[in-house]
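Presented below is the structure to which this report refers.
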Amino acid sequence: DDLRDMDDEEARERLMKFDGIGEKGAKTILGAFDRNPTAVREGNVEAGGPGVRRLVSALAERVTATDTAPIDEPVTTDTRRLIRLPGTLHGGSGLVVTPIERGDLGDFDPLRDAVPDRFVGREIRIETDADRTVELNGERVRVEPGRNTVPEFAGVFLMARGEARKAPER
């Protein structure tokens, strides 16, 4: 649509900025857009012939280079991690699997926003072998070697990470 709104010369110059598209290719692409705009708009690359295919490849390369995110390969390739049921607990942290809208991602703090409500306002006794500090739910919880009574969310977090174990009840 942007190219169709430009005059022919401006549209050709814009297309020729892509690698592999010369003046002849630019004319062919613009002709395809004029002949069959609906098919091209709907993604039918074949309707535009080789010129449009070349443009799509050039656009895909540009987008891939500038607008993609790195892949977390250990997570992506591990089929056990691909599906997390919302509302369940993550086995390595004890935090709630929380769906997030893309626009809300910047404001999401898993160490505050994914702490299970069920574990807030309760305490648990744990044992640990080393000094540890956990910052969760807006609180800083410090534990010392031996038995400690901590907020349940902190105890579950430490146990899920293998850094503590449940202490016997009194």
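The values are calculated or read from the model by the stated rules, or taken from the named source; none is laboratory data. What you see is a predicted model, and the numbers here were worked out from it, not measured in a lab. Backbone-built Cβ (ideal geometry, glycine too); neighbour counts: all protein chains shown. Areas reflect the complete protein model, heavy atoms only, side chains present, ligands, DNA and RNA absent. Shrake-Rupley method; radii C 1.70, N 1.55, O 1.52, S 1.80 Å.
What separates the Cα centres of region 1-35 and region 72-129 is a distance of 49 Å.
Longest segment of the chain with no GluC sites (Glu not before Pro) in a DSSP loop having at most 16 other Cβ atoms within 10 Å? That would be 102-162.
Per-residue ellipticity at 222 nm from helix content only, as computed over the chain with -39500 (n - 2.57) for each DSSP H run of at least four residues, stands at -10500 deg cm²/dmol.
Local charge for Glu144 was computed over the other residues whose Cβ lies under 11 Å away, with Lys and Arg +1 and Asp and Glu -1, and equals 0.
All Cα-Cα distances of region 56-96, cut into 5 Å bins from zero to the largest, leave 5, 18, 15, 15, 14, 11, 11, 7, 4 percent in each bin in turn.
Shown here for region 1-99: trypsin sites (Lys or Arg not before Pro) in loop regions (DSSP other than H, G, I, E, B) with at most 11 other Cβ atoms within 10 Å, namely Lys17, Arg80.
To test your reading of the geometry: what angle, between 0 and 90 degrees and rounded to tens, separates the Cα axis of helix 23-35 from the longest principal axis of the chain? Helix 23-35 and the main axis of the chain meet at about 80 degrees. Each residue of region 88-166 gets 86 Å³ once the volume of the Cα convex hull is shared out per residue. Computed on the Cα atoms alone, the convex hull of the chain gives a volume of 184 cubic angstrom per residue.
Compared with the dominant principal axis of the Cα atoms in the chain, helix 49-66 is inclined by about 30°. Taking every protein chain into account, the accessible area of region 1-69 amounts to 69 square angstrom per residue (probe 1.4 Å).
With the convex hull of its Cα atoms as the shape, region 8-67 has an orientation-averaged projected area of 4.0 nm².
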